[in-house]
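Since the structure comes first, as structure tokens, the remarks are kept for the end.
The values are calculated or read from the model by the stated rules, or taken from the named source; none is laboratory data. Since we're looking at a predicted model, the values are computed, not measured. Quick reminder, even Gly has a Cβ in these numbers, built from the backbone with ideal geometry, and neighbours come from all protein chains shown. Accessible surface is based on the protein model in full, side chains and every heavy atom, while ligands, DNA and RNA are left aside. Shrake-Rupley method; radii C 1.70, N 1.55, O 1.52, S 1.80 Å.
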Amino acid sequence: MSAQAASAEVSAGVIEKFSPVDGAHLGNFPITSAGDVTRAVAAAREAFPAWRDLTLDQRFAYLDRLRDLVSAEGESFAKIISDDTGKPLLDSLLTELMAIPLFIDYYKKEAPKALKRKKLSRQLFFPTKTSYVEYAPMGVIGVISPWNFPFQLSMIPVLSALVAGNTVVLKPSEVTPLTGELMREIFKRVGFPEGVVSVVHGDGSTGAALCKADIDKIFFTGSVATGRKVMAAAAEKPIPVELELGGKDAMIVCHDANLERAARAAVWGGFLNCGQMCISVERLFVVEAVYDEFLALVRTEIERMRVGGPDEGSDMGPLTFSAQMGTVVRHLNDARERGATIAMGGRPIEGPGQFFEPTLVLDVTEDMEIYREETFGPVLPVIRVADEEEALRMANDHQYGLTGSVWTRDVSRGLELASRMESGQCSVNDLVQSVGNPALPFGGVKRSGFGRYHGPEGLYAFMNQKAIMVDRGLLDVEPFWYPYAPKYEAMLGTFRNLMGGKMVGALTNFYDMHKITKRRG
Ligand code: NAD
């Protein structure tokens, strides 16, 4: 692959970064050796007890500094992210950096409640006990992230893990090393104690070394293929793993939708970040009754789009990762051969950079690669359906289940369809934005992965739940303790009555057990 065509190349221990906008060489970044990954994890392990023992307020003092730094210098950070990815400056500001204050402010409010020891209600057969659930940080977390939202998809798991009292080693994507370096710089400037959070640059081998190192959980965002390898590595130990994988978002436009709003949403949701989103609209189901009217609106919206570099006030930039060009072209060729119509776009844009025309594909059917596989590019595939029931059946009959949306003026029908969609998130008359709501849990079902973050789950994802039961000291001996022989009948009676659902009988036997045990004592 020529340097001009590639967004990043890895060779001889170095990542060479090229601009997706014009192919210019943007820098070289040394790959962290496996030995240095081990050392970073050892430093995180050493830093863990002191970080864990800080109060939440003390931890938030660091996160407030991070928030202040991002607020003060966000626009220059956005420029670095846009140079790295090619995305419009506004997208870097709104979809990458804005997540920092949103999530830090949310967790500042939510964490004290979520992480408090919880007292549970008393249970019938444990009358002398008080039960609690509390949460303990796991230890050292390995975060491995992708290139499509290189800042946000790294920073949110990192800061959630830190709030929860863990230390973190982050392995950002080799495709976007400028952003990896930016995050390293930010952590340094915040002044986190040595070892609390570090960044190891590198490719798959660095990620694999991190999985092998002495970590307590892997939080992985990326493709299904890599997710399998990460899970296999986690299984060797075993340690828990969270997999945030691909998607094939289904948008269902019902007969009574607000068509203008839905058309504008479909175009934004399909082409935002050049379609390189796990939550991009990749299957647009439109019911027969409104198909022509809706499609005309979608065409008008696409015609209005401006494609260009980050600084040109464009709506859509280039593909970030040169390899995506191959996937997009392959999916379009396959679709064409199988009878789809490329109604708009369909080709790379002439000139420097990895630009591709916003592409509208009609007559898409279930046998096409563009329907079955994640495209991750500026392509909006449309499927004509008889009604929303057919759309839902098709939406669910798929390997992925990350996000989806339903568009109808009948909100209760929308909610009902949303409940029946097999996905981790589903919006009604909205799309994409739910991922930015810090209170909502995020994660997939089926091949889209498992585990949840954001919301309180975003803290629990990095904590072990601990059950604590305290005896209140009312009995010297317990009814269940030895000797069994004198209370044989009472014990058997407790078991039989309980199994038969006869609670009064069971409690009477239980009380007898207690009396006999006490008499002997
Ligand atoms: P990828 O799987 O190629 O790489 C992801 C990360 O894994 C990178 O940092 C890479 O260096 C690392 N890696 C590669 N091999 C590894 C190994 N053997 N062990 C450990 N780490 C390894 O994915 P990508 O191309 O960077 O990202 C695109 C994919 O991510 C798409 O499928 C997209 O849908 C998915 N994604 C999912 C979400 C989500 O939240 N569910 C969000 C964004 C992207």
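When only Cα pairs below 8 angstrom with a gap of at least 6 residues are kept, the chain shows a relative contact order of 17 percent.
On the principal axes of its alpha carbon atoms, the chain extends 93, 57, 39 Å, with the longest extent given first.
The mean of 1/r over all pairs of different alpha-carbon atoms in region 16-164, once inverted, gives a Kirkwood hydrodynamic radius of 18.4 Å. For the chain, the longest principal axis of the alpha carbon atoms and the long axis of helix 224-236 meet at an angle near 30°. The alpha carbons of region 336-444 give a radius of gyration and a Dmax of 15.9, 49 Å, in that order.
The distance from the alpha carbon centre of region 481-521 to that of region 228-307 is 60 Å, rounded to a whole number.
Kirkwood Rh and Cα-based Rg: tell me the resulting Rg over Rh for region 140-208, rounded to two decimals. Could the numbers behind the result be given before it?
Values: Rg = 11.0 Å, Rh = 11.8 Å.
Ratio value, two decimals: 0.93.
Residues whose amide H falls under 5 Å from that of Phe356, counting only those 5 or more places apart or on a different chain, are Leu319, Ile349, with hydrogens built in the peptide plane.
Stretching Thr38 away from Glu337 to a fully extended chain increases their span by 102.7 nm, per 0.36 nm per residue minus the current alpha-carbon distance. Per-residue 3J(HN,Hα) values for region 305-317, derived from phi via the Karplus relation 6.51 cos²θ - 1.76 cosθ + 1.60 with θ = phi - 60°, read 5, 10, 9, x, x, x, 8, 9, x, 7, 8, 9, x Hz in sequence order (x marks Gly and Pro). Report P(r) for region 200-313: all Cα-Cα distances, bin width 5 Å, range 0 to the bin holding the largest distance, values in whole percent. In order of increasing distance, the bins hold 2, 10, 16, 14, 11, 9, 10, 10, 8, 7, 3, 0 percent. Remark: region 140-275 projects, on average over all directions, an area of 10.2 nm² (convex hull of Cα atoms).
Close amide H contacts of Gly27 (hydrogens built in the peptide plane, cut-off under 5 Å, sequence separation of 5 or more or a different chain): Lys17.
Rounded to the nearest 0.05, what FRET efficiency is calculated for Arg519 and Tyr488 with R0 set to 25 Å and r the Cβ-Cβ distance? Given R0 = 25 Å and the Cβ-Cβ separation, E is 0.95. Relative to the longest principal axis of the Cα atoms of the chain, the long axis of helix 411-420 makes an angle of roughly 70 degrees. Most simply put, the chain has about 45% antiparallel DSSP beta bridges, counting only bridges with both residues inside it. For the chain, the fraction of 1.4 Å probe accessible surface lying on carbon and sulfur atoms is 54 percent. Stretched out straight at 0.36 nm per residue, the stretch from Ala386 to Arg413 would grow longer than its current Cα-Cα span by 8.0 nm.
Taking 0.36 nm per intervening residue step and subtracting the Cα-Cα distance, what contour gain separates Ile349 from Phe495 on full extension? Write down the numbers at each step before the final one.
On the way: separation 146, 0.36 × 146 = 52.56 nm, distance 7.49 nm.
Answer, rounded to one decimal: 45.1 nm.
Leaving out ligands and nucleic acids, and using a 1.4 Å probe, what accessible area per residue does region 213-256 come to in Å²?
Details: 1590 Å² over 44 residues.
Each residue of region 213-256 exposes 36 Å² on average to a 1.4 Å probe.
A 1.4 Å probe run over the protein chains yields, for region 303-422, 43 Å² of accessible area per residue, whole-number rounding.
Around Ile186, with a cut-off of 13 angstrom between Cβ atoms, what is the net charge of the other residues, counting Lys and Arg +1 and Asp and Glu -1?
Working: positive: Arg65, Arg67, Arg184, Lys188, Arg189; negative: Asp68, Glu73, Glu96, Glu181, Glu185.
Charge balance near Ile186 sits at 0.
Can you list residues from other chains, or at least 5 along the same chain, whose modelled amide H is less than 5 Å from the amide H of Gly424? Sorted by chain and number, the residues that satisfy this are Leu402, Thr403, Val445.
What is the calculated FRET efficiency for Lys212 to Gln433, with r their C-beta to C-beta distance and R₀ = 51 Å, to the nearest 0.05? Don't skip to the answer; put the middle values down first.
Values: r = 38 Å, r/R0 = 0.74.
With a Förster radius of 51 Å, E is 0.85.
3J(HN,Hα) along region 174-181: 5, 6, 10, x, 4, 6, x, 5 Hz, from the Karplus curve 6.51 cos²θ - 1.76 cosθ + 1.60 with θ = phi - 60°, whole Hz, x for Gly and Pro.
The sum of -39500 (n - 2.57) across all DSSP H runs of n ≥ 4, divided by the residue count of the chain, sets its helix-only mean residue ellipticity at 222 nm to -13000 deg cm²/dmol.
In the chain, once you exclude exposed GluC sites (Glu not before Pro) (DSSP loop, at most 12 other Cβ within 10 angstrom), what's the longest stretch remaining? Present the calculation step by step, with values, prior to reporting the outcome.
On the way: sites that count: Glu194, Glu350, Glu366.
Segment 1-193 is the longest.
Axis of helix 259-271 versus longest Cα principal axis of the chain: the two differ by about 90°, to the nearest ten degrees. At a probe radius of 1.4 angstrom, the accessible area of region 9-80 per residue rounds to 50 square angstrom. Ordering His25, Val230, Ser7 by the projection of their Cα atoms onto the charge dipole of the chain, which places +1 on the Cβ of Lys and Arg and -1 on the Cβ of Asp and Glu, puts Val230 at the extreme positive end.
Rounded to the nearest whole Hz, the Karplus-based 3J(HN,Hα) values (6.51 cos²θ - 1.76 cosθ + 1.60, θ = phi - 60°) of region 456-464 follow the sequence x, 4, x, 8, 4, 4, 10, 9, 9, with x at glycine and proline. Averaging Cα coordinates gives a centre for region 130-174 and one for region 54-99; these two points are 16 Å apart.
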